[in-house]
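Enquirer: Once you've had a glance at the structure underneath, I'll fire off some questions.
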Amino acid sequence: MTGLELPALIGPDEIHERQRRAAHEARAAGYDALLVVGRSFYDRPGDLAYLSGHFPPFPTTVFSGSNRGMGHAFLLLPTTGEPTLLTDPRKHRADLVAVDDVRAASDLGRALIDLFRERGLTTSRIGLAGDDLMPAALDRQVTRELRDMSLEPESHIIANMRRVKSAAELDLLRSAARCADAGLMAAVEAIQRPGVTERDVCAAGISACMLSGADFVRYFRVHSGPWSAAGSRWPQAMDRIIEPGEVVVLDAIGAVGGYGFDVNRTTVKGIPSTDTLALLSLIEQATDAAVSACAPGQPVSAIADAASKHFEPSPWREWAGSMMGHGIGLETVEEPYVTAQETMILEPGMVLCIEPGVFVPGKTGAVIEQEVIVTEAGAEVITPTPARLW
């Protein structure tokens, strides 16, 4: 990756300020500490990485008698005193982690119990950030031994902090969007080659993303022909030859400096049919309208409503997706979900993936996804990839 100009990673000063703010909010909420859970770097590291700079480097694995918690890590953030990071035996990068007290253990449940006792928290009220990530086996182990300690789900404090991005985070997200562009444009070029398969296109896209500075590519989805109607399909790409006239939906997902990219595009091999052109034009119009609705002070539902106004009079209205986007940052999918029911108010500094789509089962599908920063002046589209690739 020599010669690449990528923005600086989030530094320790910013992470330490996050820790101070989170401890203050936890104290105000009546907690004695926060316990923050994170999983593997490509999965769900968000809260943990946000407050520590640690991205668990190994996949989650089966629990055994001596190996309990691989692929996880925990940050104990007391409301008074210094934090402690518990990692699995794969440890951490000391040059990136903004925590002085870091300990590795093969049994993270035992390590947690010992740490709570050491810090005098066995009768305390602890907020659990990442209740949906806490392995049930570890939860049982901790609560069985520390019966007088209250471990309560806490889903708001860190989520509220992460929702609005800092200037450094926005720089990383812009760089990530440019990385996605490199992969998507390489894939679009590959699609036009004679006899090309989904797998060939996927390989071209992943390679271009990595050479453009991606930490990793979580996956690079290539769905062609009738498979374009599958919003997601296993595997990400098959040995299916892409035929002339077929719709191809591409989705590049990965990260740069820990911050995600998630960009969908739809293209056609060769010349599109009249019906395909009509569908693609509809998707383009709906996406443009949804992006224009990304204004501070507006509810998130206004974004979905703006797209729906284009779908409702069309012959594809019954196949329009109900979820039309989501937040993005340290994880691919963050709050808010862009739906007609979401009441959250948009604020400057929020970053969203806007992706209204139509998916007709077994026939065709199309989606154009734009990454957008909400600013005082409206939406800043950070995806350089052309919306129209047909």
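The values are calculated or read from the model by the stated rules, or taken from the named source; none is laboratory data. Since we're looking at a predicted model, the values are computed, not measured. Here the Cβ is made from the backbone with ideal geometry for all residues, glycine too, and neighbour counts use every protein chain on show. In case anyone asks, the SASA skips ligands and DNA or RNA and just uses the protein heavy atoms, side chains included. Shrake-Rupley method; radii C 1.70, N 1.55, O 1.52, S 1.80 Å.
This table checks each residue for (1) in a strand (DSSP E or B); (2) over 23 Å from residue 328 (Cβ atoms); (3) open to solvent by less than 60 Å² (accessible area, probe 1.4 Å).
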{"position": "201", "(1), (2), (3)": "no, yes, yes"}
{"position": "219", "(1), (2), (3)": "yes, no, no"}
{"position": "236", "(1), (2), (3)": "no, no, no"}
{"position": "243", "(1), (2), (3)": "no, yes, no"}
{"position": "253", "(1), (2), (3)": "yes, no, yes"}
{"position": "262", "(1), (2), (3)": "yes, no, yes"}
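Enquirer: Follow-up question, since we're still on this one. If the requirement is being out of contact with any His (no Cβ under 7 Å at 6 or more places or on another chain), in a loop (DSSP other than H, G, I, E, B) and either crowded, with 19+ Cβ neighbours inside 10 Å or not hydroxyl-bearing (Ser, Thr, Tyr) (or both), which of these qualifies: 271, 283?
Expert: Values: 283 fails: in a loop (DSSP other than H, G, I, E, B).
Testing whether each residue is out of contact with any His (no Cβ under 7 Å at 6 or more places or on another chain), in a loop (DSSP other than H, G, I, E, B) and either crowded, with 19+ Cβ neighbours inside 10 Å or not hydroxyl-bearing (Ser, Thr, Tyr) (or both) leaves just 271.
Enquirer: Do you know which residues across the stretch 107-128 are in a helix (DSSP H, G or I), touching a strand residue (DSSP E or B) at 6+ places or on another chain (Cβ under 9 Å) and either open to solvent by less than 20 Å² (accessible area, probe 1.4 Å) or among the aliphatic types (A, V, I, L, M) (or both)?
Expert: 108, 109, 111, 112, 115, 116
Enquirer: Taking residue 232 as the residue in question, decide whether it is modelled with pLDDT under 95, surrounded by fewer than 22 Cβ atoms within 10 Å (Cβ to Cβ) and polar (S, T, N, Q).
Expert: When the stated conditions are applied, residue 232 passes them.
Enquirer: Mind checking whether some residue in the stretch 247-262 is farther than 30 Å from residue 5 by Cα and in contact with a strand residue (DSSP E or B) (Cβ under 8 Å, 6 or more places away or on another chain)?
Expert: Yes; the residues of the stretch 247-262 include at least one that is farther than 30 Å from residue 5 by Cα and in contact with a strand residue (DSSP E or B) (Cβ under 8 Å, 6 or more places away or on another chain).
Enquirer: Mind checking which residues of the stretch 343-367 are in contact with a strand residue (DSSP E or B) (Cβ under 6 Å, 6 or more places away or on another chain), under 19 Å from residue 184 (Cβ atoms) and open to solvent by less than 10 Å² (accessible area, probe 1.4 Å)?
Expert: The answer is 351, 352, 353, 354, 357, 365, 366, 367.
Enquirer: Residue 131 versus (1) modelled with pLDDT of 95 or more; (2) more than 14 Å from residue 38 (Cα to Cα); (3) part of a loop (DSSP other than H, G, I, E, B); (4) open to solvent by 20 Å² or more (accessible area, probe 1.4 Å): which is the lone unmet condition?
Expert: Condition not satisfied by residue 131: (2).
Enquirer: Still on this structure, please answer the following. If a residue has to be among the hydrophobic types (A, V, I, L, M, F, W, C), free of Cβ contacts under 8 Å to residues at least 60 places away in the same chain and open to solvent by 50 Å² or more (accessible area, probe 1.4 Å) to count, how many in the stretch 51-106 make the cut?
Expert: Looking only at that region, the number is 4.
Enquirer: Moving to a separate point now. Going through the stretch 5-24 one residue at a time, which ones are assigned to a loop (DSSP other than H, G, I, E, B) and surrounded by 12 or more Cβ atoms within 10 Å (Cβ to Cβ)? Before the answer, list the steps.
Expert: Of all residues in the stretch 5-24, those assigned to a loop (DSSP other than H, G, I, E, B) come to 5-11.
Matches in the stretch 5-24: 6, 7, 9, 10, 11.
Enquirer: Hey, another quick one. So how many residues does the stretch 203-217 have that are under 20 Å from the mean Cα position of the chain (by Cα), open to solvent by 10 Å² or more (accessible area, probe 1.4 Å), more than 18 Å from residue 333 (Cβ to Cβ) and not aliphatic (A, V, I, L, M)?
Expert: The number of residues fulfilling the criteria is 1.
Enquirer: Of all residues in the stretch 25-50 being of a type in the set (A, V, I, L, M, F, W, C) and open to solvent by 40 Å² or more (accessible area, probe 1.4 Å), which is nearest to the chain's Cα centre (by Cα)?
Expert: Looking only at the stretch 25-50, we keep the residues that are of a type in the set (A, V, I, L, M, F, W, C), and these are 26, 28-29, 33-37, 41, 48-49.
If we keep only those that are open to solvent by 40 Å² or more (accessible area, probe 1.4 Å) too, we end up with 28-29, 41.
Working: 28: 29, 29: 27, 41: 11 Å.
Residue satisfying both the conditions and the ranking: 41.
Enquirer: Which is open to solvent by less than 40 Å² (accessible area, probe 1.4 Å), among the aliphatic types (A, V, I, L, M) and over 24 Å from residue 219 (Cβ atoms), of 307, 278, 379?
Expert: 307
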